[in-house]
1. Given the structure, is residue 326 at pLDDT below 90, surrounded by 15 or more Cβ atoms within 10 Å (Cβ to Cβ) and under 33 Å from the mean Cα position of the chain (by Cα)?
2. Cβ-Cβ below 8 Å, separation at least six or inter-chain, first residue in segment 173-184 and farther than 9 Å from residue 228 by Cβ, second part of a helix (DSSP H, G or I): which pairs?
3. Based on what the data block shows, is residue 129 in contact (Cβ under 8 Å) with a residue 40 or more places away in the chain, under 30 Å from residue 81 (Cβ atoms), surrounded by 13 or more Cβ atoms within 10 Å (Cβ to Cβ) and touching a helix residue (DSSP H, G or I) at 6+ places or on another chain (Cβ under 7 Å)?
4. Mind checking which residues of segment 235-254 are over 19 Å from residue 371 (Cα atoms), without any contact (Cβ under 8 Å) to a residue 60 or more places away in the chain and touching a helix residue (DSSP H, G or I) at 6+ places or on another chain (Cβ under 7 Å)?
5. Report, ordered by the first and then the second residue, all pairs with beta carbons closer than 8 Å, sequence separation of six or more or different chains, a first member in segment 155-168 that is in the same structural domain as residue 228 (by TED's automatic domain parsing), and a second member that is outside any helix (DSSP H, G or I) and surrounded by 10 or more Cβ atoms within 10 Å (Cβ to Cβ).
6. Output the residues belonging to segment 304-323 that are more than 12 Å from residue 268 (Cα to Cα) and surrounded by 12 or more Cβ atoms within 10 Å (Cβ to Cβ).
7. Filter segment 23-62 for residues that are without any contact (Cβ under 8 Å) to a residue 12 or more places away in the chain and assigned by TED's automatic domain parsing to the domain that holds residue 87; which is nearest to residue 85 (Cα to Cα)?
């Protein structure tokens, strides 16, 4: 029996009338009924037409597979007992052929034993309708699954829209940061020329003003560079230039450079590696960026006169290598750990020397380490301070 085909009206968006209900207009949604019993087809068609659904039917599993591809239903009512392949096998083939694009399947069965229900759910069904049909139950179950499907479609569309908006945001950030970086670098460079007396002697008062310009331009340049990093990483365009590099030597160079700045706070960074060399396949520049950031933060949040300790440990049994940075700051408040590695995250802890923070450094570190298939964690130390630990695979 062929059911009359009704033209589907335009899809109507969901309308929220109150905080406790979400009435959704499901008219025009397409339902494929698969049953070899004409009486069942007539009964279901009579129940569903009143709701404005568009209907099609099939009398076997094989014909259902063909009709599904042609009709593109939003829901399938599938009898378990069919000539040829049964309903369970039909459902399995639908799921295999159409994957995520397959409509939800509600089984029609005169049986309601738990084994049959379990087998139907295992085959990919979402529900079942017992015979004889009860109109209110049929409509309620179908309406529930169609509403869930419509909400899932709307959610998918929203995710796509948000992804597009995020991509546009990253593109804008990248363009803006790129255009700002060159003039900021020029301001900083010219200020250094003035400070160093390249264009003539300057007074003490002028030198103080130039120092302020240098500090402000450097802070802005750091922020611009961080924004560029975030834009590149979030756009999926982060490219690692992997090669064998000595992690110990990389950390040693970073420690030496950090100690120059740390000396202004009478703070010392100590690195005593257990091995002369530790060779890993890494992007040297990116891992150096992570090390520099962790050491800079340790100095920034530790009180003057502190000792920052850096260690490296290999774990051959697990195929990993870890380096840690231990500071003597106040540690991380328990309620703030979840925010620590998020973009633009600011914690209650403040730098001890008035240093600036963009709130992006640790977020960038986590993304770089994640791209290396590693992890970065933080733990408070027993007495004071905290330890940042980066774990990387020994082998690519």
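1. Working: at pLDDT below 90: no; surrounded by 15 or more Cβ atoms within 10 Å (Cβ to Cβ): yes; under 33 Å from the mean Cα position of the chain (by Cα): yes.
No: the conditions fail for residue 326.
2. From residues that are farther than 9 Å from residue 228 by Cβ, the pairs are 176/227; 180/220; 180/224; 184/217; 184/220; 184/221; 184/224.
3. Details: in contact (Cβ under 8 Å) with a residue 40 or more places away in the chain: yes; under 30 Å from residue 81 (Cβ atoms): yes; surrounded by 13 or more Cβ atoms within 10 Å (Cβ to Cβ): yes; touching a helix residue (DSSP H, G or I) at 6+ places or on another chain (Cβ under 7 Å): yes.
Taking the combined requirement at face value, the residue satisfies it.
4. Step one: filter segment 235-254 for residues over 19 Å from residue 371 (Cα atoms), giving 248-249, 251-254.
Then drop every residue that is not without any contact (Cβ under 8 Å) to a residue 60 or more places away in the chain, which leaves 249, 252-254.
Selection gives 254 alone.
5. Sorted first by the residue in segment 155-168, then by its partner, the pairs are 167/235.
6. In the first step, residues of segment 304-323 are kept if they are more than 12 Å from residue 268 (Cα to Cα); the result is 311-323.
The answer is 311, 312, 313, 314, 320, 321, 322, 323.
7. Here is the first cut: in segment 23-62, the ones without any contact (Cβ under 8 Å) to a residue 12 or more places away in the chain are 23, 39, 46, 49-50.
When the remaining residues are screened for being assigned by TED's automatic domain parsing to the domain that holds residue 87, the result is 39, 46, 49-50.
Details: 39: 21, 46: 27, 49: 28, 50: 31 Å.
Filtering first and then ranking leaves 39.
To keep it simple, each residue is scored yes or no on (1) assigned by TED's automatic domain parsing to the domain that holds residue 195; (2) touching a residue at least 40 places away in the same chain (Cβ under 8 Å); (3) more than 17 Å from residue 374 (Cα to Cα).
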position: 221; (1), (2), (3): yes, yes, yes
position: 227; (1), (2), (3): yes, yes, yes
position: 259; (1), (2), (3): no, no, yes
position: 266; (1), (2), (3): no, no, yes
position: 272; (1), (2), (3): no, no, yes
position: 277; (1), (2), (3): no, no, yes
position: 297; (1), (2), (3): no, yes, yes
position: 326; (1), (2), (3): no, yes, yes
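The values are calculated or read from the model by the stated rules, or taken from the named source; none is laboratory data. Everything numeric in this text was worked out from a predicted model, so none of it was measured. Heads up, the Cβs are rebuilt from the backbone with ideal geometry, glycines too, and the neighbour counts pull from every protein chain shown.
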